[in-house]
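Some notes on the structure that comes next.
No lab work stands behind these numbers, since they all come straight from the coordinates. In this text, all values refer to a predicted model and were calculated from it rather than measured experimentally. Please note: Cβ atoms are built from the backbone with ideal geometry, for glycine as well, and neighbour counts cover all protein chains shown.
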Amino acid sequence: MRKDKKQVIGEEISDESIRLFLLPEPADDTPPSLHKLIKAYRGLRIDDFERFLKLFVAAGYDLEARDAQGRCFVDLIADQRQAEPYVELMRAAAGR
């Protein structure tokens, strides 16, 4: 890192910044809800993802959206090393 750049770790991000993850639309046939979940998973820390899920549900998006192969968000990330807390949040949000 350059000396004139300050490393920022753990800084709180605003709800407005989290809401931006509701905007991206897929460029392919991926369902919009699934696309938004994947983008948020890749871009948000676990605490911020939890806040995102509340906004996601309030906006009427589908937690159970599936791709053309019938895979939901949890199916797509379950084998990833850091996925377990995200999977737990998804299950809690879906009431499972």
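Numbers below:
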read-out	value
Label zone at residue 68, where the point sits 7 Å out along the Cα-to-Cβ direction: segment 20-49 residues whose backbone N lies under 17 Å	26-35
Order by protection proxy (mean Cβ within 10 Å, highest first), peptides 32-39, 79-86	32-39, 79-86
Between helix 32-43 and the chain: long-axis angle, C-alpha atoms, 0 to 90°, nearest 10	30
Label-point separation in nm, residue 23 to residue 55, each point 7 Å along Cα→Cβ	1.0
Selected from 63, 80, 13, residue furthest toward positive end of dipole (the chain; charges at beta carbon)	13
Total charge dipole magnitude, segment 28-94, about the Cα centre, Cβ charges on Lys, Arg, Asp, Glu only, Debye to nearest 20	180
Neighbourhood net charge (14 Å Cβ-Cβ; Lys/Arg +1, Asp/Glu -1) for residue 24	+2
Folded to 0 to 90 degrees: helix 84-94 orientation relative to the chain principal axis, Cα	50
Where GluC sites (Glu not before Pro) in DSSP loops with at most 14 other Cβ within 10 Å are excluded, longest remaining stretch of the chain	13-63
Degrees between helix 46-58 axis and first principal axis of the chain (Cα, 0 to 90, nearest 10)	50
